[in-house]
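Report on one structure; see the data block that follows.
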Amino acid sequence: MPQSGLADGSKGGKLPGWTIAALLSLGQLAAMAPPESRLPSNLPVDVEIPTSPMPVTADGRLHAVYELHLTNFSRIELHLRQLDVTDGSGRRRLARYEGPSLMEAIGGPGARADAADRRVIAPGSSVVIFIDVTTPGREPMPSVLSHRLVFEPAAGFTAADTTIEAIRVRVRGEAPIILGPPLRGGGWVASHALSNTSEHRRSVVFVDGKPWIAQRFAIDWLRIGPNGQAFAGDPAKLQSWAPYGASVLAVADGRIVDEKDGITENDPTSAAKAVPINLATAGGNYVILDLGGGRYAFYAHLRPGSLTARIGDRVGRGQVIARLGDSGNADAPHLHFQVMDANAPLAADGLPYEFASFAVEGRLPSLSVLADGKGWRPPPGPPDTRRNALPTENEVIDFP
């Protein structure tokens, strides 16, 4: 089924990736930690938290989404056994990763997806632990999150060295930007939306020697047609796809600061793309809207010749700025949407955002149901109306 055109490098020639911004040195992290009477660990592991999380509301909870980077500086394998995330005092545990949950949370750069145990960090290698800490309801997220790493005993080190504590990160106090809908109507599938394992969440793109996760909170908007499928008729024809040609809307008042047009669209039934895919063409035809406050909205895979505003133009919330298409690194017609901290589609840090209002019609068990010939229908009962929130992966959304 359609996958993000800006996704994991291991799938369909997608660009690789994982991100960095404003690195906190180990010394800075230690300075944040409270004094402790225990002996510090001598285990040769460098621990960094590149990005301070900004909590976002989704599925009725607050989510703090960020990454923990570990580098093994020793000459032996190190076996990570457990990661606890607590509040700043260390007394209230918010999350525990161990066993299968820890395996699932660990990704690149050095961790192979097919490795027998990704918790084993080879000498000189690094891993990234993808973290999603939640609080129930609208309960506030602690202002500081603390981390406790437990390793299996290693040759040449004492039992005290197995535990690294007080690795702390401050939680950003500002709230995510509230946006209007990027599309109109219902049947919109939030593909690869907020999830700790989605393709966007794990997509690390390297630009000029630096890794970025511009897509940390990105969504690929697919659409379900009247037949309960993503297309009706010949899937090789773009017009057969339910989302194709839909009006793409400005999510806020702002100014167009970048765009690309003229890239030919793909044949959804062909593995070959209409143009060679690289950093310049991955987004296909696109628009970048300056939202103010250092935030930028990126709309990708647009229909060629459909852009209605040019660089420097000011647009209003709800204004049509383009049509949904299938250009760039896209497998089928969809709108890729994300918010980032720079006017750069890929060399930026992905920021959370919330939509002012939407209704959840249901959730797809898998994207495969959009092409299985049976069709998807929403469950009985009224849709779940949400305000100032972000959809989660595979929820079916109705925008006002």
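Once each part is reduced to its C-alpha centroid, what is the distance from the stretch 375-400 to the stretch 286-343 in angstrom? If you average the Cα positions of each part, the centres end up 23 Å apart. Per residue, the Cα convex hull of the chain amounts to 141 Å³. Set the Cα radius of gyration of the stretch 64-157 against 2.2 N^0.38 Å, with N its number of residues, and you get 1.15.
Out of P276, P142, P304, any idea which swings most in a Gaussian network model of the chain, alpha carbons joined below 10 Å? Residue with maximal mean-square fluctuation among P276, P142, P304: P276. Length available on full extension from A115 to F73: 0.36 nm per residue minus the Cα-Cα distance, which gives 13.1 nm.
Sites counted here are GluC sites (Glu not before Pro) in a DSSP loop (not H, G, I, E or B) having no more than 10 other Cβ atoms within 10 Å; the longest part of the chain that contains none of them is 175-400. Excluding ligands, DNA and RNA, the accessible surface per residue across the chain is 40 Å² with a 1.4 Å probe.
Here the extension length gained between S368 and A280 equals 28.7 nm, from 0.36 nm per residue of separation less the Cα-Cα distance. The residues packed around R363, meaning those with a beta-carbon under 14 Å from its beta-carbon, carry a net charge of -4 if Lys and Arg are +1 and Asp and Glu are -1. With a 1.4 Å probe and every protein chain kept in, tell me what percent of the accessible surface of the chain is carbon plus sulfur. In the chain, the share of accessible area belonging to carbon and sulfur is 51 percent. In plain terms, the chain from E152 to N196 could stretch by 13.3 nm, reckoned as 0.36 nm per residue minus the Cα-Cα distance. Add +1 for every Lys or Arg and -1 for every Asp or Glu among the other residues with Cβ under 10 Å from the Cβ of I224, and state the total. Net charge around I224: +1.
In units of the rule-of-thumb radius 2.2 N^0.38 Å, the stretch 112-248 shows an alpha carbon radius of gyration of 1.52.
Loop-resident trypsin sites (Lys or Arg not before Pro) (DSSP state other than H, G, I, E or B) in the stretch 298-355 with no more than 15 further Cβ atoms inside 10 Å of their Cβ: R310, R317. For the stretch 363-393, the set of trypsin sites (Lys or Arg not before Pro) satisfying both a DSSP loop assignment and a count of at most 12 other C-beta atoms within 10 Å is given as K374. Could you state the number of Å between the C-alpha centres of the stretch 59-92 and the stretch 123-149? The stretch 123-149 and the stretch 59-92 have Cα centres spaced 6 Å from each other. Number of Lys-Lys pairs in the chain with C-alpha atoms under 19 Å apart and a separation of 8 or more places or on different chains: 5. Other residues with beta-carbon under 12 Å from the beta-carbon of P345 carry, at +1 per Lys or Arg and -1 per Asp or Glu, a net charge of -1.
The values are calculated or read from the model by the stated rules, or taken from the named source; none is laboratory data. All values reported here derive from a predicted model rather than from experimental measurement. Cβ sites come from the backbone with ideal geometry, for glycine too, and all protein chains shown count toward neighbours. For accessibility, only protein heavy atoms count, side chains too; no ligands or nucleic acids. Shrake-Rupley method; radii C 1.70, N 1.55, O 1.52, S 1.80 Å.
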